Amino acid sequence: MDWTALLRLPSTILLILAVIALMFTLFQLVVLRHRLDHRQRLAAAGRTVLLLIGFVLTLALTGMGFALRGYRLLSEEAPVVEIDARILSPQRWLLVLHWPDGASRRVEVAGDAWRVEAVVLKWKLPAMLAGIPPLYRLDRLSGRYDDANDEMRAARTVVDFREAGDFDLLDLHKQYPRWVPDVDVLFGSGVFLPLVDQGHYTVSLMRTGALVARPDEATVQRIAQPF
């Protein structure tokens, strides 16, 4: 069993216990009705107490089970894009982008690192706990220089992921916020990593709306090698 399965286990146990508590509550309800039908008031009072305890326990276990499930979901990540890098010349790179749907794109960037930015629409807490993921749109990819002077003077490269005329739900929310309810915040998120020849990187989106970038093990070793 992997660690993700272990994370699912506590919420599953709580929900199973909630079902057991519900069955206990229903049983007490049936017995209570039987006691009332036979005018056994003292016994009925005891069953009423047990019924209330079972009802409260059912609600508490169900609430904790779904709340824990929600917070587990906040730590899950959705793949956004994979990036393969090849060097063309000093501070000049060819990047091949691979999307989860199988599409790919080749772009050239200048700099010492790549940077990906996205626009993220994050829902309010009740919707997040219910498991509704944030919406995102990749906004741009650009080259980034390690030296701030290079950043000011050297060639800049920016790749726009938006296509002119596309219908955009995120823009709709900015112009007409009431049309898209339960939105907590609309914000930008970005990540960058150093470029190395034959580097391979993955970019994911967390349930919190934050982008996360990771190089694979071979790329980590290349980044760590001295020049």
Can you sort 200, 34 so the residue with the fewest Cβ neighbours within 10 Å comes first? 34, 200
Report the extension gain between residue 132 and residue 101 in nm, rounded to one decimal, defined as 0.36 nm multiplied by the number of residues separating them, less their alpha carbon distance. 9.1 nm
For the pair residue 202/residue 86, report the inter-label distance in nm, with labels modelled 7 Å from Cα in the Cβ direction. 2.3 nm
Quick one: 114, 93, fewest Cβ neighbours within 10 Å first, how do they rank? 93, 114
How far apart, in nanometres, would the label points at residue 20 and residue 108 be if each is projected 7 angstrom from Cα along the Cα-to-Cβ direction? 6.6 nm
What is the fewest-to-most order of 89, 204 by other Cβ atoms lying within 10 Å of their Cβ? 89, 204
Say each of residue 153 and residue 43 gets a label point 7 Å from the Cα, pointing the same way as Cα to Cβ; how far apart are those two points in nm? 9.5 nm
Considering only the other residues whose Cβ falls under 11 Å of the Cβ of residue 191, what net charge follows from Lys and Arg at +1 and Asp and Glu at -1? +2
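Read the figures in this text as sums done on the coordinates, not as results from a lab. Quantities reported herein were computed from a predicted structural model and do not represent experimental measurements. When we count neighbours, we look across all protein chains shown, and the Cβ atoms used for this are built from the backbone with ideal geometry, even at glycine.
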